[in-house]
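Here's the structure we're looking at; comments come further down.
The values are calculated or read from the model by the stated rules, or taken from the named source; none is laboratory data. Here the structure is a predicted model, which is why all the values come from computation and not from measurement. Virtual Cβ from ideal backbone geometry, glycine too; neighbours counted across all protein chains shown. The area values use the complete protein model at the heavy-atom level, side chains included, leaving out ligands, DNA and RNA. Shrake-Rupley method; radii C 1.70, N 1.55, O 1.52, S 1.80 Å.
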Amino acid sequence: MIALRLPRDAASVPLIRQMLDGTLRSLGVDEQIRDDIELMLSEACSNVVRHAQPSDDYTVSVTVYDDLCVIKVIDTGGGFDAAAVREPSPGSEHGRGLQIMRALADDVRFTNRRENGAVVCLEKRLRFAPGAAGPHFMTT
């Protein structure tokens with residue numbers, strides 16, 4: 001498990017993305033799956049940086065269970081209703097983050113916390129390159 005508290009700053013997004021990609025690469029996760037995870041994570045973190053109410057930080061936790069990667073992005077803002085977010089108009093350059101997360105993740109859950117804030121939980125099934133260390137490392 002990796003858990004980091006990050007500053008609510010745009011510079012934190014590539015940092016956590018690169019850290020996670022390096023970890024998944026070392027486990028031998030297939031490149032396409034890593035790319036999907038990288039984009040999902042970028043969208044979730046960028047949404048916190050852009051839309052969460054002012055706070056100093058947010059938390060990203062990543063856990064790998066056998067062949068499942070579970071990512072949680074937790075902010076301390078006012079939360080949001082994912083069902084109430086309007087679809088972007090065709091040709092719009094912004095507002096596609098939730099669509100991207102839903103398209104790439106195997107499961108996406110949005111939860112608002114009573115103590116304020118939101119949790120975005122993204123799950124993605126992992127595929128490993130032949131001979132990769134990941135499947136053997138996680139079962140021992």
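Checking Asp81 against (1) at pLDDT 65 or above; (2) under 20 Å from the mean Cα position of the chain (by Cα); (3) on the phi < 0 side of the Ramachandran plot, which single condition isn't satisfied?
Every listed condition holds for Asp81 apart from (1).
Can you pull out the residues in segment 47-65 that are exposed (fewer than 15 other Cβ atoms within 10 Å of the Cβ) and part of a helix (DSSP H, G or I)?
Result: Arg50, His51.
How many of the residues in segment 25-38 are open to solvent by 50 Å² or more (accessible area, probe 1.4 Å) and either basic (Lys, Arg) or more than 24 Å from Pro130 (Cα to Cα) (or both)?
Here the count works out to 1.
Go through the residues of segment 3-17 one by one and say whether even a single one is in contact with a strand residue (DSSP E or B) (Cβ under 8 Å, 6 or more places away or on another chain) and under 16 Å from Glu123 (Cβ atoms).
So in segment 3-17, the residues in contact with a strand residue (DSSP E or B) (Cβ under 8 Å, 6 or more places away or on another chain) come out as 3-8, 12, 15-16.
Then drop every residue that is not under 16 Å from Glu123 (Cβ atoms), which leaves none.
For segment 3-17, residues in contact with a strand residue (DSSP E or B) (Cβ under 8 Å, 6 or more places away or on another chain) and under 16 Å from Glu123 (Cβ atoms): absent.
Within segment 106-132, can you find the residues that are farther than 24 Å from Asp67 by Cα and buried (at least 16 other Cβ atoms within 10 Å of the Cβ)?
Gly117, Ala118
Is it the case that segment 34-45 has a residue that's part of a helix (DSSP H, G or I) and farther than 19 Å from Gln99 by Cβ? Break it down stepwise before answering.
First, pick out the residues of segment 34-45 that are part of a helix (DSSP H, G or I): 34-45.
From what's left, farther than 19 Å from Gln99 by Cβ: 34.
Looking for residues that are part of a helix (DSSP H, G or I) and farther than 19 Å from Gln99 by Cβ, one finds at least one in segment 34-45, hence yes.
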